[in-house]
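Structure record follows, encoded as structure tokens.
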Amino acid sequence: MTGTVYLKRKRARPVLQRHPWIFSGAVERVTGGPADGDLVDVRDAGGNWLARGTFNRRSQIRVRLLTWRQDEAIDGSFWRRRLAQAVAARRLLAADPATTTYRLVHAESDFLPGLIVDRYGEWLVVQFLTLGVERRRDALTAALLNVVDGVRGLYDRSDVDVRAQEGLPPRSGLLWGEEPPEPLVVLENGLRFAVDVRRGHKTGFYLDQRESRARLAPFCAGAEVLDAFSYAGGFGVYAAWGGAARVTLVDSSAAALDLARRNFALNGLETPVEYVEGDVFSVLRGYRAQGRRFDLVVLDPPKFAHHRREVQRAARAYKDINLLAFQLLRPGGILFTFSCSGAISADLFQKIVFGAAVDAGREAQIIGRLSQGSDHPVALTFPEGAYLKGLICRAV
Ligand code: SAH
């Protein structure tokens with residue numbers, strides 16, 4: 001028997017609008033004694049059937065919805081259909097020989113709550129972020145191998161903190177097939193990148209920035225470029241390829257800078273590159289004190305706000321680095337500035353960047369708006385899926 005979650009009165013609307021989450025506060029009662037991870041039916045206060053999903057009383061998100069059709073079973077065929085739909089949505093990317101790495105499944109926004117699948121050439125890297133998908137790992141693995149062609153290995157990178165909110169420990173390792181080579185070299189817009197899928201950030205690479213990295217290159221001819229929070233040099237490599245006179249990478253991780261060195265070499269780029277291991281805040285302050293200037297600055301920091309309660313503190317940090325960036329830009333200089341904090345809206349981010357320009361005494365214009373790439377879609381039913389925002393600014 002399937003358990004049933006009854007919603008409180010007047011709490012059915014988001015479900016009817018196909019939002020995939022039911023918070024604990026919306027639940028009136030649970031019948032049928034479902035175990036955590038089990039499928040449950042969701043009914044409104046009047047008993048009408050609304051949807052079906054996976055249950056977890058250890059999470060504030062009590063139910064993650066999978067279907068709004070009562071006759072749709074959650075079985076192998078269901079997972080294959082959903083995965084095939086996500087794969088089909090990437091057919092343009094799949095057909096592009098210049099790009100062999102991209103996100104195949106973007107969780108809730110691909111109607112597969114809790115599941116991330118990234119493609120790195122012939123290897124897939126997966127993250128099972130919730131108990132609902134963790135419990136169905138074997139079925140999902142089988143379905144994935146059924147719908148994706150040309151896979152040599154499947155690697156699990158479920159070693160992420162958010163799993164704790166679901167009562168799950170971190171885990172990583174080979175799930176199926178061959179071990180990925182070290183390094184695994186992939187192509188993005190014709191450029192080569194060495195990816196460490198075992199230990200690298202996220203699943204190995206910041207795939208969400210592909211389209212923004214491509215936007216950077218045309219600005220770089222002859223420019224002195226500062227790539228702050230560079231990780232493996234994603235933006236920096238595009239800058240060099242775009243004809244930069246000099247590229248300076250700043251990151252606090254020595255391992256990331258080692259990867260960056262490999263990436264410049266892999267692309268045969270002879271641009272002078274400076275690798276600076278350090279804290280961006282203090283390195284940029286040092287440059288300001290020395291009177292060092294750049295023609296282009298990229299600021300791609302990690303998530304500063306993990307929760308709404310951290311927004312204020314994060315806003316100050318975003319403002320600090322943007323202020324420093326404006327102070328380091330030559331007249332006519334270009335700033336690519338990002339925030340990947342979901343809790344910071346695009347509107348608020350623009351205000352922060354505005355405040356930074358004012359304090360730096362620089363007049364600036366927005367000449368482009370950036371967001372996560374098309375392989376990181378945002379389902380209209382799930383606006384929470386929009387997290388990455390960026391501005392291209394020109395400092396007068
Ligand atoms: N631009 C990169 C992704 C950057 S991710 C790309 O396109 O691939 C953020 C990076 O910031 C990580 O590599 C992390 O090591 C680094 N980082 C985090 N805090 C930092 C700090 N205070 N100073 C310098 N680097 C930092």
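The values are calculated or read from the model by the stated rules, or taken from the named source; none is laboratory data. Nothing here was measured: the structure is a model prediction, and the numbers come from that model. Methodologically, a virtual Cβ is constructed for each residue, glycine included, from the backbone with ideal geometry; neighbour enumeration extends over all protein chains shown. Please note that ligands, DNA and RNA were not included when accessible areas were found on the heavy atoms of the full protein model with its side chains. Shrake-Rupley method; radii C 1.70, N 1.55, O 1.52, S 1.80 Å.
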On the principal axes of its Cα set, how long, how wide and how thick is the chain? Give whole Å, largest value first. 70, 46, 33
Can you pull the accessible area of E384 for me, 1.4 Å probe, Å² to the nearest 10? 90
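Measure off, as a whole percent, the carbon and sulfur share of the 1.4 Å-probe accessible area of the chain, all protein chains present.
Taking all protein chains in place, the chain shows 50 percent carbon and sulfur surface.
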What percentage of all Cα-Cα pairs in segment 344-388 are separated by more than 13 Å? 64
Could you please put E134, E182 in sequence from largest to smallest accessible area, using a 1.4 Å probe? E182, E134
Suppose the chain between R152 and E310 were pulled fully straight at 0.36 nm per residue; how much longer would it get relative to their current alpha carbon spacing? 52.7 nm
For the chain, report the accessible area per residue in Å² (1.4 Å probe, heavy atoms, rounded to an integer). 43
In vacuo Debye scattering of segment 206-395, one point per C-alpha: log10 I(q)/I(0) at q = 0.08 Å⁻¹? -0.23
DSSP-defined beta bridges in the chain - what % are antiparallel, rounded to 5: 65
hull vol. (C-alpha, convex hull) per residue for segment 311-396, Å³ -> 85
Expected vector for segment 38-54, Karplus 3J(HN,Hα) from phi with 6.51, -1.76, 1.60 and θ = phi - 60°, integer Hz, x for Gly and Pro, equals 6, 6, 9, 8, 10, 10, 6, 4, x, x, 6, 5, 10, 6, 9, x, 9
Provide the descending list of Cα extents for segment 2-142 along its principal axes, expressed in whole angstroms. 54, 26, 26
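So what's the net charge close to D208: Lys and Arg +1, Asp and Glu -1, counting the other residues with Cβ under 13 Å from its Cβ?
Spelling it out: positives minus negatives among the neighbours equals +1.
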What FRET efficiency would be calculated for the residue pair S374, Q70, taking the C-beta separation as r and a Förster radius of 30 Å, to the nearest 0.05? 0.40
For L66, enumerate residues with amide H under 5 Å from its amide H, sequence gap 5+ or separate chain, H modeled in the peptide plane. R52, G53, T54
Directionally averaged shadow of segment 4-67, computed from the convex hull of its alpha-carbon atoms, nm²: 3.6
Cα extents of segment 167-284 along the principal axes, largest first, in whole Å, come to 47, 34, 22
Given the -39500 (n - 2.57) contribution per DSSP H run of 4+ residues, what per-residue ellipticity at 222 nm results for the chain, rounded to the nearest 500 deg cm²/dmol? -8000 deg cm²/dmol
For a bin width of 10 Å, list the pair-distance distribution of segment 76-184 built from all Cα-Cα distances, rounded to whole %. 14, 50, 32, 4, 0
Charge tally for neighbours of D44 with beta carbon under 12 Å away, counting Lys, Arg as +1 and Asp, Glu as -1, is +4
Can you give me the long-range amide H partners of L370? Hydrogens built in the peptide plane at 1.01 Å from N, cutoff under 5 Å, separation of 5 or more residues or another chain. G390, L391, I392
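What is the local net charge at G385, summed over the other residues whose Cβ is closer than 10 Å to its Cβ (Lys, Arg +1; Asp, Glu -1)?
Net charge around G385: -3.
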Protein chains only, probe 1.4 Å: how do H376, H201, H19 rank by accessible area, largest first? H201, H19, H376
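Compute the semi-axes of the equivalent ellipsoid of segment 184-249, taking the square root of 5 times each eigenvalue of the Cα gyration tensor, and list them largest first in whole Å.
Semi-axes from the Cα gyration tensor: 21, 12, 10 Å.
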